[in-house]
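One structure below.
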Amino acid sequence: MSDAQGRYRRIGVVGGGFTGAAFAVHLARLAPSPVSIEIIEPREQLGAGLAYGSCGPEHRINVPAERMTVFAQDPQHFAKWLARDGNAPATPHRAGEPDPYAPRRVFGAYMSALVEDAAQANPSGSTIRHRRDTAVGLSRTDSGWRVDLRTGGPAVFDHVVVCSTYGAPPFRWPLSGGAEALPHLVRNPWDQEAIAAIPPDADIAIIGTGLTMCDAVVTLRTNGHRGRVHAISRRALTPRPHAGFDTEYDLFEGTSPPSTALGLMRLLRSRIANVEAAGGEWQTVIDSLRRKLHVYWKTLPLPEQAKIARRLRPFWDVHRFRIAPQVADLIASGRESGWLTISPGHILGIGSTQDRFRIDWRPRRGDPRREEVDAIINCTGPDSDILHSGNPFLQSALQNGYLAPDALRAGLAVDAHGRLLNRSGSVSPCLWAAGPFARAVVGEATGVPEASAQARHVAEAIASELSGSPAASPLGEP
């Protein structure tokens, strides 16, 4: 789409991980006429980001390839790409059998290939350019939005789409007695070099027991670690394994969707009991809620959304974000053989005794305890509170009032189409968010199908605006 001067409309995408790549591909397919799409991403590879780039070759996708659905109209796209010569992993799980739980880096390569293919040819004739830089500021100009870059000059766009992701986990525990100076305090669990530097016989404490903990354990054992690992979190909840996949089950069949957090919990428990009594699996019920969440979430009053986010989110995460069978087997065998212990408890403080960390913690039931370890890995997961973000671009936009945290502090405030809301609650013209930061309006925008669907919805809204057509219906509505 060109303006009165004949130039293409400029679309700036801040963040070139999975969501940024998916958005660019969707918009190139949907734009009514050519647009110029520029993805600002410091990494060399587009499409990988934190999830599929900041990982080791030992890390697998958490669902089978056929469920990594980027295109709703072609859900087998990644699985078919993986089956082509040269794309499948060199070392399958079992000799002679393809492994549907491919390495994450392979999925990152797939996303990079999608962007490259779309840049070379797309239905709208749009251009896609990777500007390898970091966005550090945002301001409004007469001609659009100005994005300041760390090393290059500023860039001006007609539309800006924020596709950034959450930052590294915060480290909230007090350090004393020289503990901060000890080696092997791994604050960032995606620092592969720091984890590789931990001695193989070291006793390790991991703070957090979710997916990030599983990743850390996989890396440690791949590196030959043979010491003791003790993982601690408030509830000691761990990701569950997969079972069969049923796409036909309807959680709400025969009943009205509950309007409260308590009602939802009761319905889930009742449905799971019925399914299991009939010989089925609880995963069927959870997957049904996942498919319907983007529509159902909007029907809940904000106080009920807050209750779910505050009280049920940890339980949802471990049942919704499940792990590959190889990872589930490793965690189970580690607990059975004793080298891995997972405990519910609360970290009180971290000190040092000679050259070791001293951890004071209180079990969920019991008296305070103290133990010494050689290394600590922080695996509490990303901090979703945007006000805690160290991202200079987001901080600049917040300070200038162009965007604001959502009411649940789970990301950014957006409307039903993905338009960012400013400090006063009004729409910031031509400023959008796609992916995890937009989760408040759909309940979940982290998994590949959900994030891609939300990115496509934003692409549809921008395409409609560029063509002068009415905005598309909110995601999940006719």
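Just one of (1) at pLDDT 90 or above; (2) open to solvent by less than 30 Å² (accessible area, probe 1.4 Å) trips up Ala453, so point out which.
(2)
Please determine whether any residue of region 156-173 is of a type in the set (D, E, K, R) and in contact with a helix residue (DSSP H, G or I) (Cβ under 8 Å, 6 or more places away or on another chain). Can you show your working first?
From region 156-173, those of a type in the set (D, E, K, R) are 158, 172; that's our starting set.
Remaining after also requiring in contact with a helix residue (DSSP H, G or I) (Cβ under 8 Å, 6 or more places away or on another chain): none.
The answer is no; no qualifying residue exists.
Condition check: surrounded by 15 or more Cβ atoms within 10 Å (Cβ to Cβ) and in contact with a Ser or Thr (Cβ under 8 Å, 6 or more places away or on another chain). Does Arg356 satisfy that?
Values: surrounded by 15 or more Cβ atoms within 10 Å (Cβ to Cβ): yes; in contact with a Ser or Thr (Cβ under 8 Å, 6 or more places away or on another chain): no.
Answer is no for this residue.
In region 353-388, how many are in contact with a helix residue (DSSP H, G or I) (Cβ under 8 Å, 6 or more places away or on another chain) and of a type in the set (A, V, I, L, M, F, W, C)?
Count: 5.
Identify the single condition in (1) under 19 Å from Ser259 (Cβ atoms); (2) in contact (Cβ under 8 Å) with a residue 60 or more places away in the chain; (3) surrounded by fewer than 17 Cβ atoms within 10 Å (Cβ to Cβ) that Arg313 does not satisfy, given that it satisfies every other one.
With (1) under 19 Å from Ser259 (Cβ atoms); (2) in contact (Cβ under 8 Å) with a residue 60 or more places away in the chain; (3) surrounded by fewer than 17 Cβ atoms within 10 Å (Cβ to Cβ) applied to Arg313, the lone miss is (2).
Just checking: which of the strands (runs of 3 or more DSSP E) contained wholly in region 335-425 hold 2 or more residues that are touching a residue at least 40 places away in the same chain (Cβ under 8 Å) and among the polar types (S, T, N, Q)?
Details: elements: 340-353, 356-363, 369-373, 375-378, 419-421.
Output list reads 340-353.
Which one of His319, His294 is closer than 24 Å to Ser384 by Cβ and in contact with an Asp or Glu (Cβ under 8 Å, 6 or more places away or on another chain)?
On the way: His319 fails: in contact with an Asp or Glu (Cβ under 8 Å, 6 or more places away or on another chain).
Within the list His319, His294, the selection yields His294.
How many of the residues making up region 253-290 are in a helix (DSSP H, G or I) and open to solvent by 80 Å² or more (accessible area, probe 1.4 Å)? Please lay out each step first, then the result.
Looking only at region 253-290, we keep the residues that are in a helix (DSSP H, G or I), and these are 261-277, 282-290.
So of that shortlist, the ones also open to solvent by 80 Å² or more (accessible area, probe 1.4 Å) come out as 262, 266, 269, 274, 276-277.
Of the residues in that region, 6 qualify.
Mind checking which pairs have a first residue in region 267-296 that is more than 30 Å from Asp415 (Cα to Cα) and free of Cβ contacts under 8 Å to residues at least 24 places away in the same chain and a second that is in a helix (DSSP H, G or I) and open to solvent by 30 Å² or more (accessible area, probe 1.4 Å), Cβ under 7 Å, 6 or more apart or different chains?
Correct list of pairs: Ile272/Trp282; Glu276/Trp282.
Out of the residues in region 156-167 that are assigned to a strand (DSSP E or B) and modelled with pLDDT of 95 or more, which is most open to solvent (accessible area, probe 1.4 Å)?
Of all residues in region 156-167, those assigned to a strand (DSSP E or B) come to 156-157, 159-162, 167.
In the following step, the residues that additionally are modelled with pLDDT of 95 or more were identified as 156-157, 159-162.
Numbers: Val156: 46, Phe157: 8, His159: 9, Val160: 0, Val161: 0, Val162: 1 Å².
Across region 156-167, the extreme among qualifying residues is Val156.
Suppose the filter is open to solvent by 60 Å² or more (accessible area, probe 1.4 Å) and in a loop (DSSP other than H, G, I, E, B); does Arg226 pass it? Lay out the reasoning, then the answer.
Numbers: open to solvent by 60 Å² or more (accessible area, probe 1.4 Å): yes; in a loop (DSSP other than H, G, I, E, B): yes.
So Arg226 passes the test.
Could you check region 182-217 and list, in sequence order, the residues that are open to solvent by 50 Å² or more (accessible area, probe 1.4 Å) and either free of Cβ contacts under 8 Å to residues at least 24 places away in the same chain or part of a loop (DSSP other than H, G, I, E, B) (or both)?
Pro183, His184, Arg187, Asn188, Trp190, Asp191, Glu193, Ala197, Pro199, Pro200, Asp201
Name the pairs whose Cβ atoms lie under 9 Å apart, with the first residue in region 233-253 and among the polar types (S, T, N, Q), the second open to solvent by 30 Å² or more (accessible area, probe 1.4 Å), and 6 or more positions between them or separate chains?
Every condition considered, the pairs that remain are Ser233/Pro314; Ser233/Pro344; Ser233/Thr380; Thr247/Arg291.
The values are calculated or read from the model by the stated rules, or taken from the named source; none is laboratory data. From a predicted model like this one, the values you see are computed outputs, not experimental measurements. Every residue, glycine among them, receives a Cβ derived from its backbone with ideal geometry; neighbour counts consider all protein chains shown. In case anyone asks, the SASA skips ligands and DNA or RNA and just uses the protein heavy atoms, side chains included. Shrake-Rupley method; radii C 1.70, N 1.55, O 1.52, S 1.80 Å.
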